[in-house]
Every structure is written in structure tokens, then in C-alpha cells.
Amino acid sequence: MSRALQPDEELVELDAEAVRTWCARALDALGREREEIDAINVYPVADGDTGTNLYLTAEAALQAVEAVFAASAPDTAETVRAMAHGALLGARGNSGTILAQLLRGMAAVLAEGRDGDHLARALAEAASAARQAVAHPVEGTVLTVAAAAATGCAGGGTLLEVATRAHDAARTALEATPGQLAVLGRAGVVDAGGRGLVAVLGALVETVGGRTPDPAGTAPGAVRVLGDVRAVPAGSPPTCDGEAGPAYEVIYLLEAEDAAVDRLRARLDALGDSLVVVGGDGLWNVHVHVDDAGAAVEAGIDAGRPHRIRITHFGADAAAAKPSGPSGRSEPSGPSGAGPGERARRAVVAVVPGEGLAGLCAEAGATTVRSRPGEPPADDELLEAIRRAHAREVVLLPNDTELRRTAAAAAERARAEGIRVALIPTRAAVQGIAALAVHEPDRRFDEDVVAMTAAAGATRYAELAVAERRSFTSAGVCQAGDVLGLIEGDVAVIGKDLTETARTVLDRMLSAGGELVTLVVADDTPPGLAPDLEGHVRRGYLAVDTTTYHAGAGAPPLLIGVE
């Protein structure tokens, strides 16, 4: 971190260390105010997570800044670009996405200069960029607060003068938001996203001037509204009689060209509301509220390559909190909540190759069915597993394209017995692992299925096998004993060596991008294969993580997943 400023001392230029310190102090400030910001979150949806989303976005920005400092001695331009890029990758929710665009707008100007005049221009550019990113800007929101901050420091000055005027103007604008947006006035609160921005600007004042500005409220847990101070307990969103909106929030990163993003904006705008698309240079963060989450994701697929897909059901928390019986007590929320003779609320049934994966999935709470080479399970076996799970709701993961019809038949028979079954069409074990990783039995069933489906769909898969005979394949003619690299079920690579073929398959998959590689190795795989592939990814793809699982006996030599 940069050195502590002495009394009456202020920074003349916003150097790389100062940007680093600002990021850290902004994160600290949002951490302190997170619960209170969550508590006043009523717009655009009263889901009580704006403070958390802003905190997570700022955390991603700081992590990116720390990464460039760990690798080199960056200048201001590199640091502000890392800050903006990290926020773009980690943006959460409506306000977090807008914060990412604000930082991106600032970065473009601060990369050119580090004094107060450039900071004033940067804040103006940030406010303009954020407003352009929102499909239908609304006054009384963080956009209004950002615009006021930019207007307040117009004309430039020293760093401290600019930062202080921007913070003061933002705070004044924040206090006026209940009079601009009816839903805030009815709830008796200021805009949550705007309050978060005031905290970020306060951290900037502290960084360049060595002093902490007055907080937005006048007392802990209080919110100033039109001259009054109304207490808002943390964790309890104010009551609000706003109109009901779409059921789902959909967020994803998108690799796409500008023209495709313009078409995507129009398509998503017709599907829902609260549309925010931020980014540029081929990488975008897309946020929208819709009733049809699948259509929003499909629109992204048509525009480019979406990944890091997050789908949230707005009513899930409220539904989980409601009592469900005459006594007012909630029903058991998962398998562990079922007493003797009772059905658990929800279970997952997964078909897996190999003992190791069976143990891994069982540890995650799934009921497993073994699939052996040449011996796929029949629908009777899958039905028995569904019954054995002893749950009212079951998510079925076939993890094999060839099992789709068998799994559908078993699901239909289980439904006839009164069990609610959702079949997620996972085509490989790595997709099943990805789905199981996001499974949360305490969520609403529909929301859980949507999240698991999105995780599975975002995972591309490959498999290495050994040819048993001479055959014609989509990659050419193979001989008995050749190593076959299958990507998404089709032979893409024919090789002689398992490790070399695996590297080629990995390179082809990662050429389309990726953030996490999952390797599933069988018992009879050479012991050095997994470490070799982990090193290959580490050396050639710096931003990609690798996880390895052991499938045990009876599994293909190697399964690969890329998310």
C-alpha cells in the first residue's frame, strides 16, 4: 500500500500505489456499509443484495490490481485498467455492473493523466459511460448520483479539491433521490446503489487527502430522507409497494463483436427490464431481469460466447423464509432434514463412470448409479435410484448423451409415483460435476434446476479413448490402439501418445476461451498425465485454473471439462 499521508498533506498525482490504496479502501468502506446498503435495497428489485453485489465487484477489482502488482511494478495506466477489467469480470447485480462501467469510464481518462483535472474528466466520462450502458436510465438512482459527482467537480483543481467536491455533490444528490424515484419515497430510503457510490468516492477522498469524509447517513443504520432520519435495521429491507417485476436476474460475461452486442441489446430489451450491458473490446458483462431466463442466455449464445452465467430467482429467499405448515414451522429444507420414515425435500441422482467419481458425488450428497463400459444402466435401475433417494423432488443427471431417453423414461415413471423429477440433459460426467457444484437444496426447486442447467451448459467437455479397431472418424482413419480425442462427442484428434493427444485437445478447447479446466483421470491412466496437463495449462494459460479428480476403475482414461 502507499505510505500514510502526514497531516495537511495531500497527493498531487494519482499514481499506481494510490489507485491500489483507493481500491483497498473502497472495499473496506463497502464492507463496513454492506449490510446497511442491503437493507435499503428496494430498486429496481427489493432483493436486499445491492451492498453485497457492490462489495463483490470491488473485491474483484482489488484482486486484479493486486495481481498486476505481484507480477511487476505497474504504472498508473496499467493499474487503472486492471481495476476496471477486474470489476468487469467480477461485476454482480445491477449496481455492481454499473460500478464496473463507472470504473471503466474513469480508467480511459486516468490512463492519460494523473492530476486533478484528469480526475474531473474521468468522473465525467464515467457518468456518461454508465448512463449509456443502461437501456432505460432512471433518475433517482446511482446514475443520478454519478452525474452529480461529475458536475460537482467540473472545472478541475487539485486531486483533493476534485475528489472532495465530487463526494459532497454525490452525497447531496443521494439525499434527494427519494424525491425523484417514487419507490424510494414510499419506502423512506435513499438509493442503495447511490449510497455505495458515495462510499467509493469517500474512499477516494481519504486516499488523496488522508482524511475520512463524513458518512452518507447521520447515524449508524440510519438513512437521511428529505431532512428526516429513519432507522433501517440491517438485513431487513424496507417494505415497498412497488410493482412486481420479472422473476429472474440473468448475468453473464460475453465475448462478442460490437455489432452483435447492439443486436443483443435490442433482443434483451424486448425480453425484460433493468438491462445493463457494459464493457467493450470484445468482452462484455450483460445484466437483465427477465421471466424467461433460458431465452436471455440463448440470446447471448446467438451474439457470441457467454460464460460465467449466473441466474437468480428473485422470490427464492422470500419463499424459503415463509412458513409452510399450520404450526408456522418450515418443512425440512434438504436430505439432512428428513426424519425416520420421512421423505427429504430434494435429492440429486447422478450416473457416473468409476468408483472415484461415485464417491465424490456421494460426498456432495448425490445418490449415484454406476455406468460401466458397454453396460449402461436401464430405466429400471435409474427409477430404483430415484426411489432410493427418498425425496419429494429429484434432479436427475444422466451424464451421457446415450442415456437421454433412458433417463427420460425413468423420470416419467417416477412422476407417476408422485415424485417431482427434473431431468438435466448432462452429456458428460464433467457437466454433472459442474451442475452438482452449484446445487443448493435450500433454494426453490425451479431456481436450483435453472442454476444447475446453466452450470452444465457452460461446461464444454472432451474425452480420451483408445481405438479398439481400425475405423473411419470425423478426424480421419484411426488404427487399433490409436488415442482418440473426442470433443463434444466427435473425434477431433487422432494421436499415438495419450499425453500429447490430451495436450492437443486441451489447446483446441481453450482456444475458444475458458477459466476452469476439470480433469478426471482413471486408475489405469499414466501417473504423470494429470501433473503434466496441469503444468501445460499453467504455463500457457495464465488466467485458467485446473482441478483434478480421480475416477477410479472402470472410467475412460481421461475426461476434460472447460468452463
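Here's the picture: charge each Lys and Arg Cβ at +1 and each Asp and Glu Cβ at -1 in the chain, and of Gly48, Met509, Gly552 the one pushed furthest to the positive end of that dipole is Gly552. Each peptide in 54-63, 484-493, 280-289 receives the mean, over its residues, of other Cβ atoms within 10 Å, and ordering these scores from highest gives 54-63, 280-289, 484-493.
Contact order for the chain, expressed relative to its length and based on alpha carbon pairs under 8 Å spaced 6+ residues apart, stands at 10 percent. Placing a label point 7 Å from the Cα of Thr547 along the Cα-to-Cβ line, the residues of segment 447-467 whose backbone N sits under 20 Å from it are 448-464.
Residue ranges 66-79, 546-559, 93-106, 160-173 sort as 93-106, 160-173, 546-559, 66-79 when ordered by packing (mean number of other C-beta atoms within 10 Å per residue, highest first). From helices alone, the chain scores -15000 deg cm²/dmol at 222 nm; the rule is -39500 (n - 2.57) for each run of n ≥ 4 DSSP H residues, then divide by the residue total. Each Lys and Arg contributes +1 and each Asp and Glu -1, all at the Cβ; summed about the Cα centre of the chain, the dipole is approximately 860 debye.
Pairs of Cα atoms nearer than 8 Å and 6+ residues apart set the relative contact order; for segment 470-547 it is 21 percent. A Förster radius of 51 Å, combined with the Cβ-Cβ distance separating Ala362 from Val12, puts the computed FRET efficiency at roughly 0.25. The residue among Gly194, Cys478, Pro306 whose Cα reaches farthest toward the positive pole of the charge dipole of the chain, with charges on the beta-carbon of Lys, Arg, Asp and Glu, is Cys478. Average accessible surface for segment 360-487: 46 Å² per residue, computed with a 1.4 Å probe over protein heavy atoms with every protein chain in place.
Near Gly554, the amide H atoms lying under 5 Å from its own belong to Asp523; only residues 5 or more places off or on other chains count, and H is placed 1.01 Å from N.
In sequence order, segment 399-416 has phi-based couplings of 6, 6, 4, 5, 9, 4, 5, 4, 5, 4, 5, 5, 5, 5, 5, 5, 5, 5 Hz under the Karplus curve 6.51 cos²θ - 1.76 cosθ + 1.60, θ = phi - 60°, and Gly or Pro positions carry x.
Close amide H partners of Tyr43, meaning residues 5 or more places away or on another chain with modelled amide H under 5 Å apart, are Ala192.
Take every DSSP beta bridge whose two residues both sit in the chain; close to 70 percent of them are antiparallel.
Database remark: amide H of Thr546 closer than 5 angstrom to the amide H of Val517 (H placed geometrically; neighbours at sequence offset of 5 or more, or on other chains; Pro and chain starts carry no H).
Report the gain in length on full extension from Asp532 to Asp281: 0.36 nm times residue separation, minus Cα-Cα distance, nm rounded to one decimal.
Working: separation 251, 0.36 × 251 = 90.36 nm, distance 3.34 nm.
Extending this stretch completely gives an extra 87.0 nm.
Across segment 75-83, rounded Karplus estimates of 3J(HN,Hα) from the backbone phi angles (6.51 cos²θ - 1.76 cosθ + 1.60, θ = phi - 60°) give 8, 4, 4, 4, 5, 5, 5, 4, 4 Hz, Gly and Pro being marked x.
Sequence-ordered 3J(HN,Hα) estimates for segment 100-107 from the Karplus curve with 6.51, -1.76 and 1.60 and θ = phi - 60° stand at 4, 6, 4, 5, 5, x, 5, 4 Hz, glycine and proline given as x. Segment Arg387..Ala154, full-extension length gain: 77.1 nm, with 0.36 nm per residue of separation and the alpha-carbon distance subtracted. Residue separation of Arg310 and Asp524 scaled by 0.36 nm, minus their Cα-Cα distance, works out to 73.4 nm of gained length.
The list (1) 1.00; (2) 1.08; (3) 0.94 gives values of Cα Rg over 2.2 N^0.38 Å, and only one came from this structure; which label was calculated from it? Among (1) 1.00; (2) 1.08; (3) 0.94, the one calculated here is (2). Working ranking of peptides 399-408, 304-313 by packing, defined as the average number of other Cβ atoms within 10 Å per residue, highest first, is 304-313, 399-408. For segment 86-160, what log10 I(q)/I(0) values come out of the Debye formula at q = 0.23, 0.28 1/Å, with one point per alpha carbon and no solvent? Summing over Cα pairs of segment 86-160 leads to -1.01, -1.25.
Per the 1.4 Å probe, what fraction of the accessible area of segment 31-88, in percent, lies on carbon and sulfur atoms? Don't skip to the answer; put the middle values down first.
On the way: 1120 of 2260 Å².
Accessible surface attributable to carbon and sulfur in segment 31-88 totals 50 percent.
The values are calculated or read from the model by the stated rules, or taken from the named source; none is laboratory data. Here the structure is a predicted model, which is why all the values come from computation and not from measurement. With ideal geometry, Cβ positions are generated from the backbone for all residues, glycine too; neighbour counts draw on all protein chains shown. We work out accessible area using only protein heavy atoms, side chains counted, and drop any ligands, DNA or RNA first. Shrake-Rupley method; radii C 1.70, N 1.55, O 1.52, S 1.80 Å.
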